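Note sheet for the following structure.
The values are calculated or read from the model by the stated rules, or taken from the named source; none is laboratory data. The structure displayed is predicted, hence computed values, not measured ones. Here Cβ is always computed from backbone atoms with ideal geometry, including for glycine, and neighbour counts include all displayed protein chains. These area figures cover heavy atoms from the full protein model, side chains too; ligands, DNA and RNA do not enter into them. Shrake-Rupley method; radii C 1.70, N 1.55, O 1.52, S 1.80 Å.
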Amino acid sequence: MLIGKDKKTTIISQLILTFLAIIFSLPILVMFKISFIGKGFVENYLQVLRFAYTWKFFYNSLIVSTFTILIVLTLSIIAAYSLSKLKPIAKNTFFNLILIGLMVPGAALIVPIFLLFLKFNLFKSYLAMILPISAGIIPFAILLFKNYMDNIPNDLIEAAKIDGAGPLYILRKIILPLSSSISVVVIIWTFLMTWNDYATALFFVRDKELLPVTHLPNYFNMATMSAGNIPDYGPFFACLVLISLPIMLVYLFLQKYIEDGITAGASKN
Amino acid sequence: MNLFFKYFILAYSLILFSSTSKAEVTYSCWNCMTLDTDAEGNPNGAHEDFNAAAPNIKLVAVQYPYGDYVQSLALSMRTGTSDDLMAFQVGSMLSTYAEYLEDLTPYAEKEWGANWKDKFLSVGIEQTTVDGRLVALPQVMSAAGALWYNQTILDKYDLSVPTNWDEWISVSNILKDNGVVGFMHGAKDSWINYDLFIGIANELDPGKIYEAEAGNISWTHDSLVKATSLWGEMFSNGIMQEGALGNAQYPDVHQAFTSGKAAMMTMGTWNNFSTFTNSGLNGSKESYGFTEDFKYGITGLPDMNGDGKHGRLFASPDVSIGMSASSGNKEEAWSALKVIIEDLQSTYAKDLWVSSMNGVPFDLSDATSDFAKEALNYQLGMAENAYGKREFIYSEIKAALGDALQNVAVGNMSALEAMQLVEKASQTVKR
Amino acid sequence: MNLQKSNFKDILYILPSFIFITIFFFYPIGYIFGISFFDWNGVSQNKNFVGLENYKNFFVDPIARKALGNQILWGIITISSQMFLGLSMAILLRSKVRFKIVYKIIFFFPNIISIAVVAYVFNRIYDNNFGELNYFLEMIKLNILTHPWLGDPDTALYCLMVANIWQWTGFSFLLYHAGLTQINEDLYESARIDGANIFNIVRNIVIPLLKPTHIALLILGVIGTLKTFDIIYLTTRGGPARSTEFLSTYVFQKGIIEFKASYASTIALMIVLIALALTIIQVKAYKRG
């Protein structure tokens with residue numbers, strides 16, 4: 001075995017892991033702690049929950065996340081399927097070009113995309129967020145799906161072909177059911193990226209009503225004149241906690257799938 | 001019958017809405033001076049005053065965090081999608097956007113006559129005029145370079161406000177030995193570093209820094225090198241607190257000074273409200289958790305050139321407002337702008353802003369004490385005698401100076417080396 | 001084996017994704033490539049053509065050099081720390097410890113919260129006057145160690161590295177955990193019989209066999225380092241004295257704050273080129289090794 005199953009090794013391991021775990025959980029504990037200062041736990045959270053825009057922003061984030069997930073799933077599954085199981089011309093070229101998408105820094109994208117949105121007047125629509133974020137996630141999703149699909153044995157596919165199945169049928173009836181765990185991973189990853197996004201909304205959303213939940217903390221600054229934006233720490237951190245809550249819940253319930261999925265996606269790189 | 005009613009209601013609403021519809025003027029700002037509405041949609045102070053002064057205009061003012069505002073402004077201006085009115089800082093920001101802003105001179109002349117300039121503080125109008133065009137009007141002025149002190153604390157240790165450099169060092173060190181920060185400075189924030197440096201430079205040799213910016217003299221001029229050198233010394237000779245580079249002016253320095261943990265700081269007139277009014281001070285007390293009624297005073301920076309006089313203030317418009325050249329309703333926008341600039345000065349005076357217009361004193365009705373009133377009047381006198389400005393026109397110089405100041409503060413460079421770099425940047429500017 | 005020739009029809013599946021990527025990545029790259037040859041402030045209607053001047057300036061720019069140096073240092077320390085810690089955690093969790101699920105959750109948790117949250121929390125922890133770190137040091141009477149963490153150019157970058165390592169180690173941990181499940185346990189048995197201890201096994205069996213995972217983490221780590229922006233922007237903005245400046249934050253400052261859009265585009269382009277070059281090098285090294 002890799003590491004001993006004897007008592008001594010186990011205890012040492014437990015101690016080291018506990019030590020690491022304590023250190024790793026400290027910042028989160030700090031975050032919770034700060035959300036209690038000032039006016040007190042209940043009052044801080046209530047202040048956030050009572051704020052007019054809180055529910056609107058949560059709703060916006062939900063809409064954007066949902067549609068982004070739909071777009072990313074649909075487009076990356078079929079692209080990965082083709083790159084993995086079909087024979088498109090210039091397969092490698094396409095794949096490499098798609099991966100280049102991972103390397104472009106955000107700052108480079110602002111101006112050109114802005115001009116594009118201007119032409120199509122997308123600023124006051126949810127698309128202003130959905131489209132750029134989807135574009136950002138698709139390369140990674142394709143990577144995950146392709147790696148996973150590469151591991152699906154071809155005999156099943158061959159058998160289906162012999163029975164006269166076309167590529168779409170194979171995709172629907174064979175590949176998709178077998179890709180459920182990686183699909184869950186992509187869904188969770190996309191949800192995370194979309195929910196936590198700040199910059200896209202900053203640049204491309206010009207309507208206050210459409211802002212996502214990540215912009216909520218901006219409204220909890222101390223009301224000092226001309227002082228700029230100093231957070232009113234209590235409610236501000238309460239806000240941060242509330243923003244993280246949905247992700248925490250999603251993660252807690254689905255963490256098993258994340259592990260299985262990233263496992264599977266990474267096993268052949 | 002049904003159809004008739006539908007059309008009737010439609011027509012009626014159209015008539016209703018068209019006759020009572022107000023002209024809508026949009027305004028975006030990072031500090032809307034309470035011209036906006038709060039989170040629930042209720043108008044803030046100045047907005048109510050605006051509605052009273054201009055009931056036919058619907059002003060839609062939206063406040064954005066400063067960083068967000070600056071980032072999205074470039075895009076909206078270029079593409080003509082910006083609001084009718086926008087807030088600007090003078091200097092490089094205003095110069096850059098000037099080409100997209102309406103020249104307000106004809107509007108001003110029509111509104112106030114040929115001598116309209118007399119209504120305003122000249123130092124304000126100078127800075128909102130770019131290439132001969134009046135591209136913005138100053139809303140309120142901010143005069144910086146003052147030394148704020150806590151008289152209560154000084155009295156406690158039998159000290160008086162330093163009047164020269166050596167006293168500054170000794171007073172600060174005595175306070176330090178007693179567990180109080182002498183002069184607290186938020187060196188993390190570049191804007192207050194510029195203020196302090198300009199203050200020192202102007203005290204040593206008034207106006208040389210502006211000549212250097214204009215390219216008339218080198219940045220390696222003796223007085224500027226000396227200013228840089230003094231600036232660097234402050235970080236190690238006990239005047240400033242330890243770790244000044246890690247503190248922000250807001251909230252760190254503001255909190256420490258107002259709550260009595262630091263005896264001195266450099267600030268300007270924009271900070272008046274939170275310190276000298278009951279409403280402002282109570283807000284500070286609640287946020288910072290202290291109760292004592294300190295006596296805060298204002299004077300100039302200590303004498304550093306040996307002429308026996310403390311430093312003078314220098315001022316720039318704090319917020320200036322311009323009109324988009326591609327606005328769809330310029331006449332209404334001008335009407336709104338006129339109200340914001342002229343009619344609401346009494347509103348701003350209540351919050352102890354220095355007005356951009358002549359003849360508008362502070363409104364001292366909510367001042368905390370007589371001592372406060374004295375301090376404010378002294379400050380107003382200094383502001384009226386202000387010399388020079390706070391903002392730089394050339395972003396190359398501003399950036400290079402910011403780097404220079406930080407490098408000297410950290411000890412990476414000597415004052416001369418730092419100024420040489422600024423001079424190098426200055427020479428790349430296309431004047 | 002599938003004997004079908006490559007065909008055009010199968011490209012249709014890739015097309016929608018590719019169109020997205022063209023619009024949101026290739027078009028912007030082309031755009032910034034274009035304006036990098038001008039002198040433009042990002043706002044004005046006027047631009048002057050200046051050829052390669054921006055590129056020339058970039059290569060002699062001391063700040064760009066410092067920023068790149070910072071990023072290289074950051075990359076080396078954060079990536080190696082994440083890999084070391086991640087691998088250690090993965091190995092330790094193969095023992096018979098209890099509450100494995102709790103550890104897994106705690107280690108991966110930092111990876112899922114928003115970067116803005118991470119930044120604000122660490123800003124607060126490192127705060128000179130009210131921060132938890134200095135407060136803790138004072139509590140255990142180590143006052144001498146209290147420090148303006150983010151205000152000292154010598155410590156600021158390292159403090160931010162801690163935040164980054166905290167956030168991303170869980171990801172390395174997860175990948176190593178996956179990698180370990182694929183190693184045949186018999187290898188360990190034979191090694192044990194030959195008298196090897198845990199350290200020998202790790203060095204001679206585990207680490208070599210995990211090469212694909214190492215490579216994946218290295219590539220993602222390098223790309224991630226080059227794109228790092230939010231944590232710096234939300235804490236130190238590149239200060240003090242440029243000690244935490246990165247090329248990515250430098251792009252932002254030049255482009256948005258200083259109104260030098262063309263120079264900013266040049267820097268952004270260099271970031272893409274560097275990322276490309278490093279990735280190609282790493283992939284080639286992998287294929288060769």
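In debye, nearest 20: dipole of the protein assembly as shown around its Cα centre with unit charges on the Cβ of K, R (+) and D, E (-)?
For the protein assembly as shown, the charge dipole is close to 4900 debye.
Mind putting a number on the dipole of region C:46-138 about its Cα centre? Charges go on the C-beta only, +1 for Lys and Arg and -1 for Asp and Glu, and I need it in Debye to the nearest 20.
560
Label 7 Å along Cα→Cβ of B:Thr79; region C:15-32 residues with amide nitrogen under 13 Å?
No residue passes the distance filter.
May I ask you to list the trypsin sites (Lys or Arg not before Pro) in region C:1-102 that are in a DSSP loop and have at most 13 other Cβ atoms within 10 Å of their Cβ?
Answer by residue number: C:Lys5, C:Lys9, C:Arg98.
Set the bar at 22 Å for Cα to Cα. Now go through B:Lys188/B:Lys373; B:Lys117/B:Lys398; B:Lys285/B:Lys373; C:Lys66/C:Lys227 and name every pair that lies beyond it.
Too far apart for the 22 Å limit: B:Lys188/B:Lys373; B:Lys117/B:Lys398.
Can you tell me the 0 to 90 degree angle between the C-alpha axis of helix A:180-195 and the longest principal axis of chain A, rounded to 10?
The helix A:180-195 is inclined about 30 degrees to chain A.
Which residue, chosen from A:Phe117, A:Leu202, A:Ile174, occupies the Cα position most advanced towards the positive end of the dipole of chain A, where the dipole is computed from +1 (Lys, Arg) and -1 (Asp, Glu) charges on Cβ about the Cα centre?
Working it through, the farthest residue towards the positive pole turns out to be A:Ile174.
If I measure Cβ to Cβ between cysteines in the protein assembly as shown, which ones have no partner under 4.7 Å?
A:Cys239, C:Cys159
Roughly what would the spin-label model give for A:Thr93 and C:Leu52, points 7 Å off Cα along C-beta, in nm?
Those two pseudo-labels are separated by 2.8 nm.
So, counting K/R as plus one and D/E as minus one, what does the shell of residues with Cβ under 15 Å around C:Ala241 add up to?
-1
How much of the DSSP beta bridge set in the protein assembly as shown is antiparallel, as a percent to the nearest 5?
Antiparallel bridges: around 70 percent, rounded to the nearest 5.
Could you tell me the center-to-center distance, by alpha carbons, between region B:307-328 and region C:5-21 in angstrom?
Distance between centres, Cα-based: 57 Å.
For region C:51-68 and region C:210-265, compute the distance between their C-alpha centroids and round to whole Å.
Region C:51-68 and region C:210-265 have Cα centres separated by 15 Å.
May I ask for the net charge around B:Val180, where only other residues with Cβ less than 11 Å from the Cβ of B:Val180 are counted and Lys, Arg are +1 while Asp, Glu are -1?
Around B:Val180, the surrounding residues sum to +2.
Taking R0 as 56 Å, what's the FRET efficiency between A:Phe120 and B:Asp158 from their Cβ-Cβ distance, rounded to 0.05?
Plugging the Cβ-Cβ distance into 1/(1 + (r/R0)^6) gives 0.20.
Given only helices, namely DSSP H runs of n ≥ 4 each adding -39500 (n - 2.57), what is the per-residue ellipticity at 222 nm of chain A, to the nearest 500 deg cm²/dmol?
My calculation for chain A gives -23000 deg cm²/dmol from helical runs alone.
Could you put B:Lys156, C:Lys227 in order of accessible surface area, largest first, with the 1.4 Å probe and the full protein assembly present?
In descending accessible area the options line up as B:Lys156, C:Lys227.
Given R₀ = 56 Å, FRET efficiency for B:Asn178-B:Asn216 by Cβ-Cβ distance, to 0.05?
It comes to 0.75.
With label points built 7 Å along Cα→Cβ from the Cα atoms of B:Asn358 and A:Lys256, find their separation and express it in nm.
Taking the simple label geometry, B:Asn358 and A:Lys256 are separated by 8.1 nm.
Towards the positive end of the charge dipole of the protein assembly as shown, with charges on Cβ (+1 Lys, Arg; -1 Asp, Glu), say which of B:Leu376, B:Asn305, B:Trp148 has the farthest Cα.
B:Trp148
Given a 1.4 angstrom probe, I'd like the percentage of the accessible area of chain C that is carbon and sulfur, rounded to a whole number.
On chain C, the fraction of accessible area on carbon and sulfur atoms equals 67 percent.
For chain C, list the DSSP H helices whose alpha carbon atoms reach 27 Å or more along the long axis and whose average Kyte-Doolittle value is -0.5 or above?
What comes out of the filter, once short or polar helices are dropped, is C:62-92, C:156-181, C:261-288.
What do you get for chymotrypsin sites (Phe, Trp or Tyr not before Pro) in region B:268-355 restricted to DSSP loop and a cutoff of at most 11 other Cβ within 10 Å of the site's Cβ?
In loop regions of region B:268-355 (DSSP not H, G, I, E or B), there are no sparsely surrounded chymotrypsin sites (Phe, Trp or Tyr not before Pro).
Considering every residue in C:171-180, what mean count of other chain Cβ atoms within 10 Å of its Cβ is obtained?
Mean shielding count: 3.
If you average the C-alpha positions of region B:376-418 and of region A:105-149 separately, how far apart do those two centres end up, in angstrom?
41
Ignoring the sites themselves, what is the longest stretch of chain B with no GluC sites (Glu not before Pro) in a DSSP loop and at most 10 other beta-carbon atoms within 10 Å?
B:41-291
For B:Asn193, what is the net charge nearby, where nearby means another residue's Cβ is under 15 Å from its Cβ and Lys, Arg count +1, Asp, Glu -1?
-1
Using +1 at the Cβ of each Lys and Arg and -1 at the Cβ of each Asp and Glu in region C:50-116, identify which of C:Ser95, C:Phe84, C:Val50 lies farthest towards the dipole's positive end.
C:Ser95
Quick check: the angle from helix B:278-288's long axis to the longest principal axis of chain B, C-alpha only, nearest 10 degrees?
That helix lies at roughly 70 degrees to the long axis.
From other protein chains only, count the Cβ atoms within 10 Å of every residue's Cβ in B:63-72, then give the mean.
Average per residue, whole number: 5.
Please determine, in degrees from 0 to 90 and to the nearest 10, the orientation of helix A:91-100 with respect to the longest principal axis defined by the Cα atoms of chain A, where the helix direction is its Cα long axis.
Approximately 10 degrees, to the nearest ten.
Dipole of region A:28-152, Cα-centred, from +1 at each Lys and Arg C-beta and -1 at each Asp and Glu C-beta, to the nearest 20 debye?
Magnitude of the dipole: close to 120 debye.
Could I have the simple spin-label model distance between A:Leu26 and C:Gln282, label points 7 Å from Cα toward Cβ, reported in nm to one decimal?
Label at A:Leu26, label at C:Gln282, 2.9 nm between them.
Counting other C-beta atoms within 10 Å, and keeping those with at most 14, which DSSP coil trypsin sites (Lys or Arg not before Pro) do you find in region A:82-127?
Within region A:82-127, the qualifying trypsin sites (Lys or Arg not before Pro) (loop, at most 14 other Cβ atoms within 10 Å) are A:Lys124.
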